[in-house]
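To start, the structure under review is shown below, and the notes come after it.
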Amino acid sequence: MKIIVCVKQVPDTADIKWTENNTLNRDGVESVINPCDLFATETALRIKDRQGADITAISMGPKQAESALREVISMGVDEACLLSDRYFAASDTAATARVLAKAIQEKRSDFDLIICGQYASDGDTAQTGPSLAQNLGISLVTNVKSIEKIENDKIIVFKQEEDFVSRIEAKLPAVICILTGKYLVRMPKISGRMKAQDAKIPIYTAEDINFDAAYSGLKGSPTYVKKAFRPKGRSDGEILYDNSAVQSAELLLDKIKEFKG
Amino acid sequence: MDKFKVTVFCETAWDDSVAPVSYELTAKASDLVKNIENSEVQVLIVGKRMNYDDIIESFSNYGADKVIIVNDDIFENYSANLYRKAISEILKKEKPNVVFFGATVKGRELAPLVATTLNTGLTADCTELDIVDGKLEATRPTFGGKLNATILCKTLPQMATVRAGVFRVPENPVKKDTKVNFDWVNVHDEEKFTKILELIPEYADDDNDLSKAEIIYAGGRGMKSKENFNRLFELARLTGGVVGASRGAVDAGFADSSIQIGQTGKTIHAKVYVAFGISGLAQHMAGINSCDKIISVNKDSNAPIMKLSDIGIVGDAEEIIKQMVRSLKNK
């Protein structure tokens, strides 16, 4: 069983603050592993615990994303590689999925299963996983809560639908996109940390994976950002300070009554 | 001149009912093209049913010029790759300028598959849409909701997904004379990569239905504990409201994800929305913007939600909730 886990390093969005000049201040913002991807990693590790598996983590990003890959190796992932090239920078989801697909075809084409996080906490598009599946022309199940079992050439998963859960069988190879869950993601052991420290993480450029860089980056992406702006608020709102809890409670109850009409 | 076409994917639920977001998007599409000469709003339905009359009637009411139906036994049960192929084949033939999907579980799965098949771009979870000189301008919150971005697409069709409830259907829609076109797509059983084995109903709390509630009390990470959070249910019971949660509260384990409000959760339209200990990132605001009145309680007067509310109260959410419950019980 060969599993690929896709991992994205994201800024800790809680750390990002607005400056007085209406720009985003990213100074001192820490980079973390996208939360859904930690669950994707945990899911892969549980398959490995249960039936054995070789797990490769793959990430696309700047050189510093290597630290995210070392972290998942410390959790128990076997190998990792980083796709990093200035021609990849500013790729949208479609371009990112093309790069990932090409890298997987060139370097790990013997995989059985690809596990992605359902969405990334920074962009929150939930598009890269599905687009990767389509680039590879294989099965896709999104919104996956958990895996029931893997046997021969198929996987059975539980998928969160709008108001219920469905049990879905997918042909392997497949891409599954995992939601965050209530279960715990394992902490690295000391032995894992040591292994991660020594691990060799190859960095692949567009050339290394025979990728035509014209199809990635800002130029190669079908979408682009025309403008970015601060979300606007309600114009005539008021902010009330210095009330006691009792006063605030009464005010709230009055206003709720008034607004409800 | 070629027709300017906007195609809306019609999503049907497991009971064969049409997802309201499909009507919302049809009405929105119809509004977007109203000043474009020689335009057409198309609705694409893929499925298997005996009778489409009622659906066609509804889409006519919301401004569809044409309904395209791909009806086949093979589409009776949803399978992503089969639906992807059917939708992509029709779009290749129709060559629309713009395509909309609801940002539902199914829409978020299908839209990127279709966009990749057609080698075009897709913007997820838009909160505003506009068409300027034939270009779709799709605006969405990004960066943990701290920023709104307006995104354009260089290729055709220009695709976007939109959450349910972001746009509302008009109260007095103008009925159109809708053409109906039955079409056919060549798909095979071997292309069925996935199949549904079983549907498992979840416990649904009918007394806490966020979509129909008039008053909603929601708690965030600032509620500090599950115990504090649970007091919201008492407050809701005493005032006839229901309870929601921010992603922060869900991630912290105070509340179940089934009551999550925001971009990655439910979109609501309450008369009064009261937010306790919620900072108000745009991802959250995207889910509550269509509420009539927003009241927020936060100990931090600089929390983004304070400026985005009709009334912002600076104070301790825990204490204020306790006092509200006490006051209501004494009355």
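The values are calculated or read from the model by the stated rules, or taken from the named source; none is laboratory data. Source: prediction; values computed, not measured. Note that each Cβ is placed from the backbone with ideal geometry, even for glycine, and that neighbours are counted across all protein chains shown. All accessible areas refer to the heavy atoms of the entire protein, side chains included, with ligands and DNA or RNA removed. Shrake-Rupley method; radii C 1.70, N 1.55, O 1.52, S 1.80 Å.
Please verify whether the stretch B:273-290 includes one or more residues that are open to solvent by 50 Å² or more (accessible area, probe 1.4 Å), over 15 Å from residue A:243 (Cα atoms), touching a residue at least 24 places away in the same chain (Cβ under 8 Å) and touching a helix residue (DSSP H, G or I) at 6+ places or on another chain (Cβ under 8 Å). Yes: the stretch B:273-290 contains one or more residues that are open to solvent by 50 Å² or more (accessible area, probe 1.4 Å), over 15 Å from residue A:243 (Cα atoms), touching a residue at least 24 places away in the same chain (Cβ under 8 Å) and touching a helix residue (DSSP H, G or I) at 6+ places or on another chain (Cβ under 8 Å).
Here A:150, A:190 are screened, and the one residue that is buried (at least 20 other Cβ atoms within 10 Å of the Cβ), over 30 Å from residue B:247 (Cβ atoms) and away from chain B (no Cβ under 12 Å) is A:150. For the condition within 14 Å of another protein chain (Cβ to nearest Cβ) and in contact with a strand residue (DSSP E or B) (Cβ under 9 Å, 6 or more places away or on another chain), residue A:90 qualifies.
In the stretch B:293-311, the qualifying residues are those that are more than 7 Å from chain A (Cβ to nearest Cβ) and open to solvent by 10 Å² or more (accessible area, probe 1.4 Å), and the one that is farthest from residue B:148 (Cα to Cα) is B:299. Has the stretch B:238-261 got at least one residue that is touching a strand residue (DSSP E or B) at 6+ places or on another chain (Cβ under 8 Å), more than 9 Å from every other protein chain (Cβ to nearest Cβ) and in contact (Cβ under 8 Å) with a residue 60 or more places away in the chain? No: zero hits. The conditions of being at the interface with another protein chain (Cβ under 10 Å from one of its Cβ atoms) and surrounded by fewer than 20 Cβ atoms within 10 Å (Cβ to Cβ) are met by residue B:135.
Within the stretch B:74-100, residues that are in a helix (DSSP H, G or I) have Cβ atoms under 6 Å from residues that are among the hydroxyl-bearing types (Ser, Thr, Tyr) in these pairs: B:80/B:194; B:88/B:117, counting only partners at least 6 apart in sequence or on another chain. When the residues of the stretch B:131-152 are narrowed to those that are among the hydrophobic types (A, V, I, L, M, F, W, C) and under 30 Å from residue A:29 (Cα atoms), which ends up modelled with the lowest pLDDT? Once the filter is applied, the top-ranked residue is B:143. Residues of the stretch B:312-331 that are acidic (Asp, Glu) and either facing another protein chain (nearest Cβ under 8 Å) or in a loop (DSSP other than H, G, I, E, B) (or both): B:316, B:319. Only one entry of B:268, B:294, B:320, B:313 meets the criterion of being in contact with a Leu (Cβ under 6 Å, 6 or more places away or on another chain) and modelled with pLDDT of 90 or more, and that entry is B:313. Summed over the stretch B:149-181, the residues that are surrounded by fewer than 21 Cβ atoms within 10 Å (Cβ to Cβ), in a strand (DSSP E or B) and out of contact with any Asp or Glu (no Cβ under 8 Å at 6 or more places or on another chain) give a count of 3. Looking at the stretch B:32-57 only, could you name the residues that are in a helix (DSSP H, G or I) and without any contact (Cβ under 8 Å) to a residue 60 or more places away in the chain? Correct list: B:53, B:54, B:55, B:57. Of the residues making up the stretch B:150-168, at least one is under 28 Å from residue B:211 (Cβ atoms) and of a type in the set (Lys, Arg).
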